[in-house]
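Undergrad: Below are the structure tokens for one structure; questions will follow.
Bear in mind these aren't lab numbers, they're just calculated from the coordinates by the rules spelled out. Remember, it's a predicted structure, so these values are computed and weren't measured experimentally. Backbone-built Cβ (ideal geometry, glycine too); neighbour counts: all protein chains shown.
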Amino acid sequence: MANIGEVDLPDGNELSGSVCAAAAVDGSGCVVLCAQLEAELASWSLEEAQAYRADLGLTAPGRDALIHAGYRLLNLITFFTATGTQEVHAWPLPAGTSAIEAAGRIHTDIQRGFIRAEVVSFADLDRLGSFAAIRETGLLRLEGRDYIVQDGDVIHFRFNV
């Protein structure tokens with residue numbers, strides 16, 4: 001991470017360029033942000049903060065960029081589970097994890113009694129708005145234990161207790 005002054009946003013300065021170049025050598029990635037500004041914007045309303053960021057040429061909060069960079073560095077993805085209510089849970093796990101291993105992250109009983117995973121991408125769910133619409137369009141996939149969970153999958157695990 002390269003912490004810069006607000007006047008150097010959005011692209012950084014010579015020193016932050018050096019930090020990012022050094023990070024690129026080992027493939028770490030680099031996030032350039034102004035921590036002081038981010039702390040101040042945290043107390044603003046969402047609309048005001050977004051407008052100010054846009055004026056500075058920033059598209060998202062620095063916190064988001066830092067989280068995404070950390071996930072990339074740690075080779076993590078996120079999948080979601082929904083309980084059929086308004087509750088959704090996000091689960092981080094290493095990229096390349098199978099459905100049965102992901103089920104075990106939630107509870108060992110789910111892993112032990114795994115039958116199948118009903119999977120839809122978050123992008124499709126967001127676009128169509130409901131599981132009913134997903135089913136109507138045929139985008140709900142039934143996957144087995146060897147399915148490799150993808151970043152942004154929304155999964156309902158079927159299992160025996």
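Undergrad: Can you list residues from other chains, or at least 5 along the same chain, whose modelled amide H is less than 5 Å from the amide H of Gly113?
TA: When sequence neighbours closer than 5 places are left aside, the close amide H contacts are Asn160.
Undergrad: Here is a follow-up. Where Lys and Arg each count +1 and Asp and Glu each count -1, what net charge lies around Leu142 among other residues with Cβ under 10 Å from its Cβ?
TA: It works out to a net charge of +1.
Undergrad: Could you list which residues have their amide H under 5 Å from that of Ser121, counting only those 5 or more apart in sequence or on another chain, with H placed in the peptide plane?
TA: Val154
Undergrad: Which listed residue (Ala90, Ser16, Pro61) has the Cα farthest towards the positive end of the charge dipole for the chain, taking +1 on Lys and Arg C-beta and -1 on Asp and Glu C-beta about the Cα centre?
TA: Positive-most Cα among the choices belongs to Ala90.
Undergrad: Under a point-charge model restricted to the Cβ atoms of Lys and Arg (+1) and Asp and Glu (-1), what is the dipole moment magnitude of segment 76-159 relative to its Cα centre, in debye to the nearest 20?
TA: With only Lys, Arg, Asp and Glu charged at Cβ, the dipole is about 200 debye.
Undergrad: Quick one: net charge around Leu58, please, counting Lys, Arg +1 and Asp, Glu -1 for every other residue with C-beta under 11 Å from its C-beta.
TA: With Lys, Arg at +1 and Asp, Glu at -1, the neighbours total -4.
Undergrad: Here's a follow-up. If you rank His68, His156 by fewest surrounding Cβ atoms within 10 Å, what's the result?
TA: Final ranking by Cβ density, sparse to dense: His68, His156.
Undergrad: Can you compute the charge dipole magnitude of the chain about its Cα centre, using +1 on each Lys and Arg Cβ and -1 on each Asp and Glu Cβ, nothing else charged? Give it in debye, rounded to the nearest 20.
TA: It works out to roughly 900 debye.
Undergrad: Taking H as built 1.01 Å from N, whose amide H comes closer than 5 Å to the amide H of Thr97, not counting residues under 5 places away?
TA: Val149
Undergrad: Could you list, bin by bin from short to long, the percent of Cα-Cα pairs of the chain in 10 Å steps?
TA: The distribution over the chain is 10, 28, 25, 22, 14, 1, given as percents.
Undergrad: Using C-alpha positions alone, give me the convex hull volume of segment 95-157 per residue in cubic angstrom.
TA: Here the figure is 76 Å³ per residue.
Undergrad: Right, another one. Going by how many other Cβ atoms sit within 10 Å of their own, how do Asp11, Asp153 line up, fewest first?
TA: Asp11, Asp153
Undergrad: To continue, here is another question. If pairing requires two Cys Cβ atoms under 4.7 Å apart, which cysteines of the chain are left without a partner?
TA: Cys34
Undergrad: Would any residue of segment 1-23 have its amide N under 16 Å from a label point 7 Å out along Cα→Cβ of Asp55? List them or say none.
TA: 6-10
Undergrad: Ignoring everything except DSSP H segments at least 4 long, calculate the 222 nm mean residue ellipticity for the chain; use -39,500 (n - 2.57) per segment, divide by total residues, nearest 500.
TA: -12000 deg cm²/dmol
Undergrad: Can you give me the C-alpha center-to-center distance between segment 47-86 and segment 89-147, rounded to a whole angstrom?
TA: 22
Undergrad: Using Cβ contacts closer than 10 Å as the measure, can you line up Leu76, Leu37, Leu142 from fewest to most?
TA: Leu142, Leu76, Leu37
Undergrad: Let's see if you can work this out: charge +1 on each Lys and Arg Cβ, -1 on each Asp and Glu Cβ, no other charges. What is the dipole magnitude of segment 1-87 about its Cα centre, in debye to the nearest 20?
TA: Dipole magnitude for segment 1-87 comes out near 360 debye.
Undergrad: Here is a follow-up. Just the number, please: Stokes-Einstein D of segment 2-73 in µm²/s, Kirkwood Rh from C-alpha pairs, 4 °C, 1.567 mPa s.
TA: In µm²/s, the coefficient rounds to 102.
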